[in-house]
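Trainee: Right, I'll just put the structure down here and ask away after.
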């Protein structure tokens, strides 16, 4: 087993119930108003006992039944109807502005399987937000038997405890008791007693067990663990893994195979490609892992679908038993978590149901179908969040889902041994590494996959039905601690008094500590972000006012985390604003835990209207980059569709073949373009081209106008740039799986990097519609018209950086909400000799037709042409919509050279700043970037200048040598001018998809003006597997405009935690079938 980070060790912990004293009761100070929820079983005995407890105003909400009204003013509720529950909660809030407590007695005699929750969830969503900041007590009671409540009760109890951690004005407690459900008077006495305790300072333990006259509370105790336990498996029997095609499932499958298992049944939700389509160079991690299992001699049976589909599950298990044999063990890894809305009161009930399904109804369906097998063991992959409520902030539904697993394991009887493992955070698998400060403060850190698998084997060998497995700080969790740690929620962070506070509410800028300026700036910006989210004046947000006191909608402040990440330049916990629930506390946390990002923010920016105004800075070092954090509004964007035509490659599949095989698409100039025999000269001469080579597209004269609603008579008067753009948009949408009717009327933008070709000069006499076929604007306008796209459409010209400039604008429009998706395209054509003659006169063309990128023989550029496009969506939206995701664009930034020695002279300082700013904007360091697709034009001065600027930018955050491959597609297909950036972007995307860095051509001797030996870079000279760094494959992409507009983008693959949530439902459509004919002048 590997070792964890410094000071942390893999460990097993168990819950041990210890006697605890009851906290002293405190007088309420006023007559209590309490909502009591009753199920069918408790309605009669409890309502009969309420008249004897007249010191409390009881509001009875009972499960809908045929019983007549039992008490005045009672309410009935269908416990399965979430909408009805929320509506009732809103009625209660309006009718009872002073509400002190909600007591839930529904689960005292509930069924063994979950149900009857959604009405209560809706009710709590309406009642939990405090009214005027008044504290609210939540109390849940369940009957304790067999050492644990029923799974249904456990689920609801865990959710209630989580709410006590999530909301500062809510104190929550759950009680397991042995009081008979028919003894209404005893139950009412118990409730009154617990409510009285809950009004004392520090509401006491969140989880209590009352049994045999004793009051018990759980404590976590660390078990001895040496990491040497080895699981014994039977190679003749079958082991089943749910979630088996996810990261954890596949890692567990490999460990079973290493221990000797040779028969595995893997169940997953996402369908796999057909077996006939599997290959060794696949980009699908699941297929690669399954092929590795087969290489180990494992027979694998696969099933895709919901666990709740009992018929399909029964059929699959029948085939497994017939083909592989009886099932000996089960790893239940299946799970789901909704990341978009952390706050409980904002969660959709349907989303919570989705989170609960695999660990609830799905589990019970699986157990029912496995009854005849009687496996030796079943391991339930639970979560630490179900054990420690403070780690369930923003994950109340997920914690509740996992509590079911714990209860099932603890109540299990019979031959099969059940073990529920409350996992801590995994890095590199599972739901992704937890970055919450509270996780670290509780003595935990993410553990590696290998450490987790070692703990899995130890958990099975422990003999326990429930353990917690995590990497722990031994100072916090010592072995053999006789007392153990409370399983308790830290009390709400107190409002600091005037002496303790670093900021006064009246004067937020009055800070005397050395970080006061940064603190004040950050606090002011946080307040402004809150005001914008809440649609209230910033003056109403006191810096020490608890967010919960700002009203029911104040939980929307969770959405500011993305804005904060962009400004700080580092990833933050999704639940951050729930853990630090005042402006002062949040600002103090940010400046303390993220000093570099907030220092850049405070020192180089003023926040105005939610937008960051960069200060222009000079000098070197990270603090002088002028990028004090990510640019406002530039979020993660998914590439969900792509298409292109390049020299020697009519589509992207053949483009990848050309790149991977190290081939070029350079040919002599076709006669249909211009007569190189007449204009070419091997030596510089006026009016002659020194080059007769370039990268050209075939068939640009042919077009199917009717497919795009263009009249045949007008087709020849449509610029081929427009024609090719339309065809590429069509194929890009098809690659994403969208038909024309799917996008019609949609808020989809189109940002096109292109200009106007010389084709218009061929028109002898204009037609009525000629004007719409030749103007640069109509490249984008035609697409808007044909597809009925309603987002922003514009054509961008910044010369060689046009494609990435268009990308920059598209990402800004997506972030600003101007469109829901965006097409980004680029196109350029070489229709005649004009560009060859101009660039020959300036000495910029290569005389031998080869682009010698980074080579001592670099002698100029080779011209090319092409067209390409991508379809973009915000990453979160793409994941939610089930789109295909080829890659993720983290940031795209622009700057300009400013005044240099000449209008076209590049500025290495500007290039350096651009790359450094891009890394800062994405919140990443250079050592995580392992490929750079450089501008790399093959010039003796320009190439080393670019490499030196890259090196200086990288050296700000890494000292590594040769860790990053660098290349340029211009060595394959030439410099595509306005389309150059798109060719580079497609190369990066394809390299990520295929996890291979293709070779750069014509680089035999490194350029003597740059030392690769001491730089972070190495030229990519042969196709090589692309290994991740720090758990991710990430690339930089540069394009520098002839005139000073520089662009740089960072592109990566999905992170492991994103891949866990990646369930694509769209599939690409077949290419369009055109009836092309020649339409040319």
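Trainee: Once both axes come from the Cα atoms, what is the angle between helix 720-736 and the longest principal axis of the chain, in degrees from 0 to 90, rounded to 10?
Mentor: Tilt relative to the chain: about 30 degrees.
Trainee: Viscosity 1.306 mPa s, temperature 10 °C: what is the translational diffusion coefficient of region 21-204 from Stokes-Einstein with a Kirkwood Rh over Cα pairs, rounded to a whole number of µm²/s?
Mentor: 97 µm²/s
Trainee: With a ≥ b ≥ c the root eigenvalues of the C-alpha gyration tensor of region 929-1081, is it rounded (a/c under 1.5), prolate (a/b larger than b/c) or oblate?
Mentor: Values: a/c = 2.06, a/b = 1.21, b/c = 1.71.
Since a/c reaches 1.5 but b/c is at least a/b, the shape of region 929-1081 is classed as oblate.
Trainee: Right, another one. Shape verdict for region 238-479, please, from the Cα gyration tensor: rounded (a/c under 1.5), prolate (a/b greater than b/c) or oblate.
Mentor: Rounded, because the longest to shortest axis ratio a/c is under 1.5.
Trainee: Take every Cα pair under 8 Å in region 745-872 that's 6+ residues apart, average their separations, divide by the length, and report that relative contact order as a whole percent.
Mentor: 30 percent
Trainee: Ok, one more. Can you tell me the 0 to 90 degree angle between the C-alpha axis of helix 980-994 and the longest principal axis of the chain, rounded to 10?
Mentor: 50 degrees
Trainee: Normalising by the residue count of the chain, find the relative contact order in percent from Cα pairs under 8 Å and 6+ residues apart.
Mentor: 10 percent
Trainee: For the chain, find the longest principal axis of its Cα atoms and tell me its angle to the long axis of helix 449-461, 0 to 90°, nearest 10.
Mentor: Its long axis makes an angle of about 30 degrees.
Trainee: Suppose we look only past 29 Å in the calculated P(r) of region 638-1060. What percent of the Cα-Cα pairs does that tail hold?
Mentor: Summing the P(r) of region 638-1060 above 29 Å gives 41 percent of all pairs.
Trainee: For n ≥ 4 DSSP H runs only, could you compute -39500 (n - 2.57) per run for the chain, divide by its residues and tell me the 222 nm figure to the nearest 500?
Mentor: Roughly -9500 deg cm²/dmol at 222 nm, from the helical runs in the chain.
Trainee: Which of rounded, prolate, oblate describes region 930-1003, given a ≥ b ≥ c as roots of the alpha-carbon gyration tensor eigenvalues and a/c under 1.5 marking rounded, otherwise prolate only if a/b is larger than b/c?
Mentor: oblate
Trainee: Please compute, for the alpha-carbon atoms of the chain, the extent along each of the three principal axes and give them in descending order in Å.
Mentor: Principal axes ranked by extent give 109, 74, 60 Å for the Cα atoms.
Trainee: For region 1021-1067, calculate the relative contact order in percent as a whole number, restricting contacts to Cα pairs under 8 Å that are 6 or more residues apart.
Mentor: So the answer I get is 29 percent.
Every number in this text was worked out from the coordinates using simple rules, so none of it is lab data. Please read these numbers as outputs of a predicted model, since none were measured by experiment.
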